[in-house]
1. Between Lys94 and Asp182, with labels modelled 7 Å along Cα→Cβ, what's the label distance in nm to one decimal, could you check?
2. Kindly provide the helix-only [θ] at 222 nm of the chain, computed as the sum of -39,500 (n - 2.57) over DSSP H runs of four or more divided by all residues, to the nearest 500 deg cm²/dmol?
3. Which of Ser30, Asn105, Phe133 sits closest to the plus end of the dipole of the chain, meaning its Cα is farthest towards the positive end, when Lys and Arg get +1 and Asp and Glu get -1 on the C-beta?
4. Hey, what did the range 53-153 get for relative contact order, percent, Cα under 8 Å, at least 6 apart?
5. Which Cα, out of Gly203, Val228, Tyr183, lies furthest along the positive dipole direction of the chain (beta carbon charges, K/R +1, D/E -1)?
6. Over all Cα pairs of the range 3-233, how is the pair count split among 10 Å bins, expressed in % and running from 0 up to the last occupied bin?
7. Mind giving me the FRET efficiency for Arg192 and Glu135? R0 is 25 Å, r the Cβ-Cβ distance, nearest 0.05 is fine.
8. Which value in nm describes the separation of the simple spin-label points at Ser157 and Gln62, placed 7 Å from the Cα toward the beta carbon?
Amino acid sequence: MGAAALLAPAGRRVGAAFPNPESPIPNPGSSYDFSFTRLMYESGDWDVDARMPSTLLDALVQYTTLRVDPVEHVIPLADPAMRLQSFCYLAGHKLVEFNPDERRNFEHYVRNGGFVLVDDCNHDIDGLFAKSFEEQMAAIFGADALQKLPAKHPLYSSFFDFEGPPATAFELNGWGDDLVHDYLKGIEIDGRLGVLYSNKDYGCEWDYDWRNKRFLAEDNSKFAVNVVVYALTA
């Protein structure tokens, strides 16, 4: 598949501002190896970093042999159909307060082998998104469930080799807590990450037209490949 295929003629085109209600839910039995599913939740601003999925998908096309679904799918967290997805993304700046259906599906999904990449767009460990999301995780999985990942975690060598999480340009811009976070957090179920949680704002880091990667000295979306490969193979 060429990079141009990342703009699909139907469904939600990657990078579009709003979901198309007619966009089909990805079928786990389809011919694709990977589909990107964004989770819509009631309490906050879930529809952020609209170009991020196209950058992630382009990285997969460039560096792997995965058959990549070119459409970004948006599914309400309250919809049981989210339980069928192999990879989900949840992000925002504001409050995260799951309703009963959202909580039930999130817990069922993670405990049964699902993978959720959660990104704090505030890149702020004291911000509303961070505090409220971590409270939700403690309520669902226990107070100690969300733990810092060691620098030697398999995530960091699942495809490319990283010495811990790569820094982002957004961590020292004064909008957040003005810290470089040298760790990611996660929730492991039976020795496998089910939730990968970042205060580093990778969503904003990858929120650009994928065709502009040629102007970068180093492709900053390589870590997205590690995240996806880990989610699909661990």
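Each value in this text was obtained by applying a stated rule to the coordinates, not by laboratory testing. This structure is a prediction, so every number in the text was calculated from the model and none was measured. As a convention, Cβ positions derive from the backbone with ideal geometry for all residues, glycine included, and neighbour counts pool all protein chains shown.
1. 3.6 nm
2. Numbers: 5 runs with 54 residues, N = 234.
When only DSSP H runs of four or more count, the value is -7000 deg cm²/dmol.
3. Final value for the positive-end residue is Ser30.
4. Details: 92 pairs, mean separation 24.0, N = 101.
Value for the range 53-153: 24 percent.
5. Val228
6. Here the calculated profile for the range 3-233 is 8, 35, 41, 16, 1.
7. 0.60
8. Distance between the two pseudo-spin positions: 2.4 nm.
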